[in-house]
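Presented below is the structure to which this report refers.
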Amino acid sequence: MRKKIVAISVGLPVILVILLGRMQSLGLLKLSPPECRVNKWDVPASLSEPTQDTLIQKQEALLPLIERLPVTCCQDDASCLDEVLYGGKNNQLPDKKALLTAIDRSLRYLQTSNAVAAYQRYQLVGITRDRVFNSLKRFRELLLKTNSATELQKAIQREFVFYQSVGKDNKGSVLFTAYYEPLYFASRVPTAEFRYPVYRLPPNLDSWTKPHPTRLELEGADGLQGAKGKLRGLELFWFRDRLEPYLAQIQGSARLQLTDGTQTTIGYAGHIAYNYKSIGRELANDGKLPLEGMTMPIILDYFQKHPQELNIYIPRDPSFVFFQENHGAPAQGSINVPVTAERSIATDKSLMPPGALALIRAAFPFANANGQMEHRIVSRYVLDQDTGGAIKGPGRVDYFLGTGKLAGDRAGVTVSNGQLYYLLLKPNS
């Protein structure tokens, strides 16, 4: 979903970071003793220190993943285990079905010619399509036969090794943001109320001369001039709010409630040859909002109070995304399988293994009984099924949180540092 989301993220993960560029991380709740928190989960010093081999490779890109043993959980450290798989605490329902669904989707992908081609290009020795496939199958078996998160963790320690992302600092620190599938009201025909369109992929896009026209040149400063140029006749759906089609482009997909009472979905179909430019950072550069502490709700509130400025800031982003109607189908990731809420992530697919099983650990927001967001450090098993234009390098992950307002509220305040690991069977297991 997030580009299929390849150039913009969607799903290109996250409205938040995509809009903000670099952001400050939120404080993490300290739920475990110090020795169980940061150092235990970082890349071990013995693996991150320069060796003769890495010095020889100095002019080459450092390896994005480092093999290590699984992290041993500290006693009573709730953040170490993926407890929601088995019910967990606070009357949480088991989440095993969603993870099994995501695993099955990755298993299907790994049997395609696209996966064969992707892993033929993958450069990290030891991570092959067959090993990723067999690891997923074995993890699925363990997931079905175990009855607790602790039992699953012990099985993983026996049979699997971790490949940890070196992160943005070569010590394993990864910036996590989140994305979601928004739900908007829309119309199949233009009306006085529904005026702002999203567009189909131009059939002749490959023949467009470069540099491509920018967003401003394609749709005008007010977003209403597309019919006067190359976008004429390509209108797909119309929205009431100037910001909504733009946010749909950032997310790479959307679910639409239509004026006739039906629902449908739209997904990423293509883009022009420009990189995304953060309008959140543009607001900060102009002194309209402070960059530190900026969140998606703050940005939305600003434009709610100053709607006329949308025509100033949206055109500063030259990128532009085209859509296709998916007729209710769920949001798709870049490996052409549906993404699963809280069980799919987006990473830089030039570095990370597509479709593979991963463990993420970071602080994420959860709505409490009063509807307010509380951040908790959690561990989650996920599948790497997406990518995004803003998700570059080994130090970035975008986490898919689902569809609708609550998912959007959570995605809008998700920004924290954590760790990313891929789980693979030990050789000859």
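Results for (1) modelled with pLDDT under 95; (2) more than 25 Å from Ala341 (Cβ to Cβ); (3) touching a Pro at 6+ places or on another chain (Cβ under 7 Å), shown as yes or no for each residue.
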| site | (1), (2), (3) |
| --- | --- |
| His212 | no, yes, no |
| Leu216 | no, yes, yes |
| Lys230 | no, yes, yes |
| Glu235 | no, yes, yes |
| Gln249 | yes, no, no |
| Gly252 | yes, no, no |
| Thr259 | no, yes, no |
| Thr262 | no, no, no |
| Arg281 | yes, yes, no |
In region 385-392, is there at least one residue being modelled with pLDDT under 95 and touching a helix residue (DSSP H, G or I) at 6+ places or on another chain (Cβ under 7 Å)? yes
Where Gln263 falls short, out of the listed (1) in the same structural domain as Val415 (by TED's automatic domain parsing); (2) in contact with a Leu (Cβ under 7 Å, 6 or more places away or on another chain): (1)
Go through region 298-310 and give me each residue that's surrounded by 15 or more Cβ atoms within 10 Å (Cβ to Cβ) and under 18 Å from Arg242 (Cβ atoms). Ile299, Leu300, Tyr302, Phe303, Glu309, Leu310
Just checking, which of Ala115, Ala221 is in contact with a helix residue (DSSP H, G or I) (Cβ under 7 Å, 6 or more places away or on another chain), among the small types (Gly, Ala, Ser) and under 30 Å from Leu243 (Cα atoms)? Ala221
Test Ala407 against the stated conditions and say whether it is surrounded by 24 or more Cβ atoms within 10 Å (Cβ to Cβ) and part of a helix (DSSP H, G or I). no
Which ranges mark the helices (runs of 4 or more DSSP H) fully within region 63-151 that have 2 or more residues being among the aromatic types (Phe, Trp, Tyr), out of contact with any Gly (no Cβ under 8 Å at 6 or more places or on another chain) and crowded, with 17+ Cβ neighbours inside 10 Å? 129-145
Residue by residue through region 225-259, note down the ones that are within 21 Å of the chain's Cα centre (by Cα) and of a type in the set (A, V, I, L, M, F, W, C). Leu243, Leu247, Ala248, Ile250, Ala254, Leu256
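The values are calculated or read from the model by the stated rules, or taken from the named source; none is laboratory data. Treat the numbers as computed from the prediction; the structure is a model and nothing was measured. Quick reminder, even Gly has a Cβ in these numbers, built from the backbone with ideal geometry, and neighbours come from all protein chains shown.
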